1. So which pairs qualify, if the first residue must be in the range 176-194 and of a type in the set (A, V, I, L, M, F, W, C), the second must be open to solvent by 80 Å² or more (accessible area, probe 1.4 Å) and in a strand (DSSP E or B), the Cβ gap must be under 7 Å, and the two must be at least 6 apart or on different chains?
2. Return yes when PHE118 is outside any loop (DSSP other than H, G, I, E, B), more than 16 Å from ligand 1 (Cβ to nearest atom), of a type in the set (Phe, Trp, Tyr) and open to solvent by 80 Å² or more (accessible area, probe 1.4 Å) and no when it is not.
3. For residues in the range 3-26 being modelled with pLDDT of 90 or more and assigned to a loop (DSSP other than H, G, I, E, B), which is farthest from ligand 1 (Cβ to nearest atom)?
4. List pairs: first residue in the range 128-142 and more than 12 Å from LEU23 (Cα to Cα), second residue of a type in the set (Phe, Trp, Tyr) and modelled with pLDDT of 95 or more anywhere in the structure, Cβ distance under 8 angstrom, at least six positions apart or on different chains.
5. Restricting to the range 139-182, name every residue that is more than 24 Å from the chain's Cα centre (by Cα) and open to solvent by less than 70 Å² (accessible area, probe 1.4 Å).
6. Run down GLU39, GLU76 and say which single residue is away from ligand 2 (no atom under 16 Å from the Cβ), closer than 23 Å to MET142 by Cβ, acidic (Asp, Glu) and open to solvent by 40 Å² or more (accessible area, probe 1.4 Å).
Amino acid sequence: MDIQSLLERSMQDHDHLCPRQILGVRIGMAGMKALGFSEPPQNKRLLIISETDGCFVDGVIAATGCTVGHRTLRVEDYGKVAVTFVDTKTGQAVRVAPRLDIRERAVAFVPEEPRHYFAQMQAYQTMPDEEMLTTQDVRLHMPMEQIISRPGMRVNCDICGEEIMNEREVNRNGLTICRSCFGDGYYYFHIGMSFKHPAPANQCAG
Ligand SMILES: [Zn+2]
Ligand SMILES: [Zn+2]
């Protein structure tokens, strides 16, 4: 894998190249290398969890081939530039993040470039991994089987009636409930002049 062709791939959906995409490509390459892959493995063996969205993830996708559509990429939005790479065959997981002082290091790496943005553009393409990134072994909170689930798993919510795939339901008091109805949702319904939570969690107890 050479970085230039990966950057071109990242730029394809993007119309620009920026330091974050380059960082995404580098982190994608470093994470695969840490798990012993020289190129993206087949059969959805690699699962990655990105801690932010945006330009950065496009770089990660270009390097790893993982996508939301293939269910090999998940975004847990912590607003952080970092990715955890999981070998779903062995369970090994590593988290790769930029070093805390990566910006200062990038500027120092290209002393002839006074503009920080362009110094980062250059440095992120050429700095050695260990100068710019940290890699930690981690263990996921949730078993992988639970994160990935199985094809064909679907039930209907006992409250709103909508279908829930991939075992994302909550079971309480004999009811099968979607996360929104359980009170763990991200929206309110607009009803008349006010907004209402899809269904208060206490309604589930009845
Ligand atoms: Zn960008
Ligand atoms: Zn529901």
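1. So the pair list comes out as PHE189/PHE195; PHE189/LYS196.
2. no
3. LEU17
4. Every condition considered, the pairs that remain are GLU131/PHE109.
5. Hits for the range 139-182 are VAL155, CYS157, ILE159, CYS160, GLY161, LEU175, THR176, ILE177, CYS181, PHE182.
6. The conditions single out GLU76.
The values are calculated or read from the model by the stated rules, or taken from the named source; none is laboratory data. Bear in mind the structure is a predicted one, so any value in this text is a computation, not a measurement. Methodologically, a virtual Cβ is constructed for each residue, glycine included, from the backbone with ideal geometry; neighbour enumeration extends over all protein chains shown. Accessible surface areas use protein heavy atoms only, side chains included; no ligands, DNA or RNA. Shrake-Rupley method; radii C 1.70, N 1.55, O 1.52, S 1.80 Å.
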